[in-house]
Amino acid sequence: MIVTFCGHRQLPKLEQVNVWLNILLPAMMEGGADKFYLGGYGDFDLLAAKAVKAQKSRYPHIQSVLVLAYPKREFNNLIYDTSFYPELKNVKPGKEIVERNRFMVDNSDVVVAYVNRCVGGAACTLSYARQRKKVILKYPYIDTAVKDF
């Protein structure tokens with residue numbers, strides 16, 4: 001099972017989200033999750049990558065994959081097991097990350113999300129995942145100013 005992560009660049013509830021990921025990930029791995037797609041930008045992506053890496057001692061078969069939006073980007077092989085650049089076709093300049101995110105959603109079974117506002121790339125990716133009828137596991141964040149969209 002392939003899992004994609006989707007979240008905001010800035011993560012104000014870092015410790016709470018870390019606790020949530022450390023509960024969620026082993027359950028997902030027991031359920032068959034073995035490949036984890038990560039975008040590599042921002043707090044949530046880094047936290048998710050580190051949480052996956054922390055599970056490798058118990059689940060050595062899992063794979064942390066940095067999915068690149070641009071070819072030939074360097075990656076930290078201490079955090080990610082591997083990286084790859086999907087052949088994104090006809091991508092307009094400035095839309096590489098959007099198209100990469102769509103690729104990740106399209107090629108995943110589950111999307112793990114930390115999205116607490118209706119704007120930005122994470123919100124767009126979450127909306128796309130809903131359109132594609134993906135299984136979504138969303139951090140249980142409640143804010144009266146932001147509806148759970």
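The table for this structure:
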| quantity | calculated |
| --- | --- |
| Accessible area, probe 1.4 Å, largest first, for residues Cys124, Cys6 | Cys124, Cys6 |
| Shape category assigned to the range 1-44 from the gyration tensor of Cα positions, a/c cut at 1.5 | oblate |
| Sites Tyr41 and Lys89, calculated FRET efficiency, Cβ-Cβ separation with R0 25 Å, nearest 0.05 | 0.70 |
| Structure-based [θ]222 nm, the chain - -39500 (n - 2.57) summed over DSSP H runs of at least 4, per residue, nearest 500 | -11000 deg cm²/dmol |
| Accessible solvent surface per residue of the chain, calculated while the other protein chains remain in place, 1.4 angstrom probe, Å² | 55 Å² |
| Karplus (6.51, -1.76, 1.60) ³J(HN,Hα), θ = phi - 60°, over the range 111-120, in Hz, Gly and Pro reported as x | 10, 9, 10, 10, 9, 10, 8, 8, 10, x |
| Cα gyration tensor, the range 1-91 - rounded (a/c under 1.5), prolate or oblate | oblate |
| Mean Cα-pair separation over length for the chain, i.e. relative contact order, pairs under 8 Å, 6 or more apart, % | 27 percent |
| Whole-percent carbon and sulfur share, accessible surface of the chain, 1.4 Å | 52 percent |
| Pairs of lysine residues in the range 25-149 - Cα separation under 19 Å, sequence separation of 8 or more or cross-chain | 10 |
| Residues whose placed amide H lies under 5 Å from that of Leu137, excluding near-sequence neighbours | Val111, Val112, Ala113 |
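The values are calculated or read from the model by the stated rules, or taken from the named source; none is laboratory data. These figures come from a predicted structure and were not determined experimentally. All Cβ positions, glycine included, derive from the backbone under ideal geometry; neighbour counts span all protein chains shown. Side chains included, ligands, DNA and RNA excluded: accessible areas come from the protein's heavy atoms. Shrake-Rupley method; radii C 1.70, N 1.55, O 1.52, S 1.80 Å.
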